[in-house]
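Some notes on the structure that comes next.
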Amino acid sequence: MQKRTISYMVVAVFLLIGLAPVLSMLINSIVAEGRFSLGAYSSVLTSARQWNLMAHSAVLSLLVSTFATCLGVPLGLLLGKTDLPFKKTLTALFVIPLLIPPYIIAVAWVDFLGIQHLKGLWACVLVLSSAFLPIPMLLTMIFLRTINPRLEEAARLVSGWAGVLKTITLPLILPGILLGGIVVFLLTFGEFGVPNFLRYDVFAVESFTQFSAFYNFKAATASSVPLALVTLLVLLVEARFLRERTYQIRPTPDSIQSSTSIRLGKEKHFWLGMASLLAMALVIVPLLVLLLRSEGLNSYTQALERAGHSMVRSVTYAFWGATLLTIMGFFLGYIIHTKALAFWRSVDSFTIFLFALPATVIGIGLISLWNTPWTNFVYGTAAIIILGYLAKYTALTSRIMVTQFAQVPASMEEAAHISGAGWARTMFFIVAPLAKRGLLAGWIVAYIFSIRDTGISMLVYPPGHETLPVRIFTLMANGSEQLIAALCVLMIAATLVPAAILWSVPRLLAKRKVP
Amino acid sequence: MKSIELDSVSKAYGNETVLLDFSLDIEPGERVVLLGPSGCGKTTILRLVAGFIKPDSGSVSLDGQVVSRDKRILVPPQHRKLGMVFQDLALWPHLSVRGNLEFGLRAKGISKNEREAKTQKTLELVGMGGYGHRKPDELSGGQQQRVALARALVLEPKVLLMDEPLSSLDLELNRRLRKELVRLQEKLEITLLYVTHDREEASHIATRTISMEKGRISSN
Ligand SMILES: Nc1ncnc2c1ncn2[C@@H]1O[C@H](COP(=O)(O)OP(=O)(O)OP(=O)(O)O)[C@@H](O)[C@H]1O
Ligand SMILES: [Mg+2]
């Protein structure tokens with residue numbers, strides 16, 4: 001059968017992209033000079049410094065996930081559950097920090113406050129909390145929409161909103177809140193750009209420096225295995241307690257939802273003020289600082305001169321990355337949604353594991369797999385960067401597609417089969433067009449995450465294939481503040497402009513058609 | 001030769017048995033109505049005949065050919081040459097009415113001219129000749145109903161499966177459409193397997209009614 005064959009093929013390709021590097025890294029770390037050896041591990045695990053770094057990582061991740069959750073959930077409630085004016089604009093504003101590499105936010109804050117005032121643990125907490133704040137916020141908003149409004153209405157009859165939120169709404173979205181906290185924890189755990197820049201030593205920086213500064217591949221590998229283990233542990237906890245409940249998110253349509261939004265009444269202005277202040281502090285000020293610091297055409301011409309090629313490359317790689325990620329997500333999402341293969345659940349868990357895995361681990365895995373004389377066509381070209389994107393970000397597109405497929409009745413596909421169409425024809429002419437909104441959303445998200453990727457590209461880029469975030473990161477050591485600020489602005493533009501155009505064009509076309 | 005034959009078919013979901021040793025023979029040209037309360041397994045029977053699900057045991061035959069047997073689909077849905085009208089109609093919203101009808105003709109590799117001729121002829125047959133360019137969501141419930149029927153008929157199937165197609169319509173429209181359905185069925189000489197939970201509707205359509213009760217036949 002076509003469907004089974006293609007499903008197996010897609011999964012096999014994905015395992016080659018994602019599983020093979022991780023395995024290759026594991027094997028490499030326990031083999032020294034052709035023999036089994038745990039030498040690399042014993043040197044990592046017996047050093048007090050490594051344990052100290054691990055503790056730093058844990059403290060930083062806990063603090064960031066606590067702050068981001070404590071701020072993100074109320075914000076999500078305010079933007080997703082009330083009649084606050086300018087909700088959409090505010091939501092879009094708050095999401096921006098997530099869309100750009102976190103170290104750019106660090107650059108902005110340092111430009112604003114000066115590095116002497118902004119370094120160490122709390123600086124990292126500030127920057128990363130504002131970068132990851134959108135995650136708990138968005139998850140809260142998404143989970144709010146999955147609540148059947150009737151449940152809240154029933155409770156409204158006997159209680160005010162405060163009571164309803166406490167006893168009905170919050171318990172119902174608790175899985176979403178915990179999921180948000182976990183995702184932020186893992187992303188912080190794997191982040192090395194910001195701690196590196198703000199001079200706080202954490203474990204993820206270690207495996208990166210072992211590799212890039214000392215060219216000690218064994219040590220880098222051995223120190224990324226603990227990162228992978230922590231990720232696995234956290235995800236197992238997540239799967240044990242949350243997976244079933246976060247499995248298929250089915251948002252209810254706007255029309256039904258609006259019937260149960262909280263009316264803020266007189267407090268409207270107070271909350272609008274609070275939200276605006278927060279947006280000002282976390283988003284607008286940093287962006288303005290960058291814009292002002294980059295003053296003048298001069299710094300932009302200089303920026304384009306020194307990093308123009310990187311910018312073109314970044315956009316190109318992100319374009320191909322997003323396209324391939326969308327195709328991969330389409331098929332994997334379909335396999336997961338239709339349970340086409342007996343092990344669909346493992347496929348899903350594995351994509352999520354890879355997403356949560358620190359970029360250094362994937363990067364080192366890719367290098368250890370592809371750095372052979374026969375595979376230079378991957379190792380020595382942009383292909384290795386794109387493979388990195390595919391390994392790390394497929395979970396995003398496949399999950400978006402699962403949610404999209406859940407909204408297409410199975411009878412659409414069955415009707416096509418009854419009309420005599422085989423699987424390929426049905427996928428191409430019926431399933432894909434019906435899922436086009438998911439495909440578009442998936443492409444945009446994949447583009448953004450590919451272009452903002454720093455972790456993987458930094459490790460795997462071959463000479464002459466630097467992407468813009470990598471180029472900025474290396475220029476940061478000696479470039480002038482103006483130049484760096486201008487580069488950051490260009491980076492933001494390269495991310496947001498294509499995404500915004502793609503997002504709005506179909507909407508405008510759709511509006512024009514309505515008489 | 002029987003048009004549809006189910007031979008001691010059993011089907012369970014998890015540990016819930018839906019059909020147990022269910023047998024049913026339908027002669028060519030019959031209009032058989034499956035009548036029964038919600039959850040008794042009517043849709044399951046249609047889906048077994050269509051080939052969307054496989055029997056746990058027993059066999060399904062069409063025109064004397066075994067198409068499913070004992071946990072195996074021998075002939076997939078796209079090769080069973082059936083017409084089917086779904087409970088939710090399942091009109092493809094991104095295609096026009098004409099596109100909905102032409103999809104199956106295209107899959108069969110029929111030439112453009114012939115496709116257009118057949119589509120137009122079938123739309124006229126159900127009284128929707130002037131609506132080919134519309135999208136399904138620009139039609140009323142009764143019109144969508146007719147298009148779904150036309151889509152099932154355009155491939156000239158010998159067997160037509162219908163799953164409560166009229167249940168969402170008001171009584172007036174329901175009466176009119178079922179009359180037309182009977183007329184068309186007689187004209188085209190197809191076998192009809194029709195599911196409903198409405199006794200009155202059944203009595204107007206059926207040449208034979210099969211009353212079901214939780215996975216078995218309670219009376220013929
Ligand atoms: N995919 C499925 N998974 C699990 N159980 C199912 C599935 N499909 C049907 N069932 C169960 O099988 C039984 C029969 O379902 P079926 O859809 O055939 O009933 P029906 O007679 O068509 O009912 P209705 O008149 O409500 O459409 C029901 O109890 C239903 O819960
Ligand atoms: Mg049914």
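Within segment B:5-21, restricting attention to residues that are in contact with an Asp or Glu (Cβ under 9 Å, 6 or more places away or on another chain) and within 16 Å of ligand 2 (Cβ to nearest atom), which residue is nearest to the other protein chains (Cβ to nearest Cβ)? Going through the qualifying residues, I end up with B:Lys11. Listed conditions (1) surrounded by 21 or more Cβ atoms within 10 Å (Cβ to Cβ); (2) within 16 Å of ligand 1 (Cβ to nearest atom); (3) within 14 Å of another protein chain (Cβ to nearest Cβ) are all met by B:Asp88, apart from (1). If I filter segment B:147-191 down to residues being within 16 Å of ligand 2 (Cβ to nearest atom) and out of contact with any helix residue (DSSP H, G or I) (no Cβ under 7 Å at 6 or more places or on another chain), which single residue comes out as nearest to B:Ile4 (Cα to Cα)? Per the stated criteria, the residue is B:Met162. Might you let me know whether segment A:364-383 holds any residue that is modelled with pLDDT under 90, surrounded by 21 or more Cβ atoms within 10 Å (Cβ to Cβ) and either within 14 Å of chain B (Cβ to nearest Cβ) or under 20 Å from A:Ile6 (Cα atoms) (or both)? Taking every residue of segment A:364-383 in turn, none turns out to be modelled with pLDDT under 90, surrounded by 21 or more Cβ atoms within 10 Å (Cβ to Cβ) and either within 14 Å of chain B (Cβ to nearest Cβ) or under 20 Å from A:Ile6 (Cα atoms) (or both). Those helices (runs of 4 or more DSSP H) of segment A:406-493 in which 2 or more residues are touching a strand residue (DSSP E or B) at 6+ places or on another chain (Cβ under 7 Å) occupy A:410-418.
Being within 13 Å of chain A (Cβ to nearest Cβ), within 16 Å of ligand 2 (Cβ to nearest atom) and in a strand (DSSP E or B), is that true of even one residue in segment B:76-85?
Step one: list which residues in segment B:76-85 are within 13 Å of chain A (Cβ to nearest Cβ), which gives B:76-85.
Then drop every residue that is not within 16 Å of ligand 2 (Cβ to nearest atom), which leaves B:84-85.
If we keep only those that are in a strand (DSSP E or B) as well, we get B:84-85.
Yes, segment B:76-85 contains a residue that is within 13 Å of chain A (Cβ to nearest Cβ), within 16 Å of ligand 2 (Cβ to nearest atom) and in a strand (DSSP E or B).
Candidates in segment B:1-11 are the residues that are of a type in the set (A, V, I, L, M, F, W, C) and surrounded by 14 or more Cβ atoms within 10 Å (Cβ to Cβ); of these, the one that is nearest to B:Gln65 (Cα to Cα) is B:Ile4.
Taken over segment A:2-59, the criterion of being in a helix (DSSP H, G or I), exposed (fewer than 15 other Cβ atoms within 10 Å of the Cβ) and basic (Lys, Arg) is satisfied by A:Arg4, A:Arg49. Looking across segment A:384-423, the residues that are β-branched (Val, Ile, Thr) and either under 30 Å from A:Leu186 (Cβ atoms) or facing chain B (nearest Cβ under 9 Å) (or both) come down to A:Ile384, A:Ile385, A:Ile386, A:Thr394, A:Thr397, A:Ile400, A:Val402, A:Thr403, A:Ile418.
Before we move on, is B:Gly39 over 18 Å from B:Met162 (Cβ atoms), within 16 Å of ligand 2 (Cβ to nearest atom) and either in contact with a Lys or Arg (Cβ under 6 Å, 6 or more places away or on another chain) or not acidic (Asp, Glu) (or both)? Quick ask: steps written out before the conclusion?
Working: over 18 Å from B:Met162 (Cβ atoms): yes; within 16 Å of ligand 2 (Cβ to nearest atom): yes; either in contact with a Lys or Arg (Cβ under 6 Å, 6 or more places away or on another chain) or not acidic (Asp, Glu) (or both): yes.
In short, yes.
Sub-6 Å Cβ pairs linking a first residue in segment B:36-61 that is within 16 Å of B:Ile217 (Cα to Cα) to a second residue that is more than 12 Å from ligand 1 (Cβ to nearest atom), at least 6 apart or interchain, are B:Leu46/B:Leu161, ordered by first then second residue. For the residues B:Val195, B:Val154, B:Val159, B:Val182, the requirement of being within 12 Å of the chain's Cα centre (by Cα) and more than 16 Å from ligand 1 (Cβ to nearest atom) singles out B:Val159.
Check segment A:194-211 and report whether any residue there is within 18 Å of the chain's Cα centre (by Cα), within 19 Å of A:Gly72 (Cβ to Cβ) and modelled with pLDDT of 85 or more. Checked segment A:194-211: at least one residue is within 18 Å of the chain's Cα centre (by Cα), within 19 Å of A:Gly72 (Cβ to Cβ) and modelled with pLDDT of 85 or more.
Can you work out which of the residues in segment B:36-50 that are part of a helix (DSSP H, G or I) and more than 6 Å from ligand 1 (Cβ to nearest atom) is farthest from the other protein chains (Cβ to nearest Cβ)? Please lay out each step first, then the result.
Of all residues in segment B:36-50, those part of a helix (DSSP H, G or I) come to B:42-50.
Next, from what is left, pick out any that are more than 6 Å from ligand 1 (Cβ to nearest atom): B:45-50.
Details: B:Ile45: 15, B:Leu46: 11, B:Arg47: 8, B:Leu48: 13, B:Val49: 11, B:Ala50: 6 Å.
Going through the qualifying residues, I end up with B:Ile45.
Condition test on B:Glu200, is it within 15 Å of the chain's Cα centre (by Cα) and charged (D, E, K, R)?
On the way: within 15 Å of the chain's Cα centre (by Cα): no; charged (D, E, K, R): yes.
So B:Glu200 does not fit the description; no.
Against the numbered list (1) within 16 Å of ligand 1 (Cβ to nearest atom); (2) in contact with a Ser or Thr (Cβ under 7 Å, 6 or more places away or on another chain); (3) part of a helix (DSSP H, G or I), B:Leu101 comes up short only at (1). All conditions in (1) crowded, with 16+ Cβ neighbours inside 10 Å; (2) in contact (Cβ under 8 Å) with a residue 40 or more places away in the chain; (3) not aromatic (Phe, Trp, Tyr) hold for A:Lys87, with the sole exception of (2). Which of (1) within 14 Å of chain A (Cβ to nearest Cβ); (2) among the hydroxyl-bearing types (Ser, Thr, Tyr); (3) surrounded by fewer than 16 Cβ atoms within 10 Å (Cβ to Cβ) is the odd one out, the single condition B:Ser96 does not satisfy? For B:Ser96, the exception is condition (3).
Hey, any hits in segment B:204-218 for a residue that's within 14 Å of chain A (Cβ to nearest Cβ), within 16 Å of ligand 2 (Cβ to nearest atom) and touching a residue at least 12 places away in the same chain (Cβ under 8 Å)? Working first, answer last.
Filtering segment B:204-218 for residues within 14 Å of chain A (Cβ to nearest Cβ) gives none.
No, segment B:204-218 has no match at all.
B:Val66 is checked against (1) of a type in the set (A, V, I, L, M); (2) within 16 Å of ligand 2 (Cβ to nearest atom); (3) free of Cβ contacts under 8 Å to residues at least 60 places away in the same chain and fails just one. What number does that condition carry? For B:Val66, the failing item is (2).
The values are calculated or read from the model by the stated rules, or taken from the named source; none is laboratory data. All of these numbers come straight from a predicted model, not from anything done at the bench. Note that we place each Cβ from the backbone using ideal geometry, even for glycine, and neighbour counts take in every protein chain shown.
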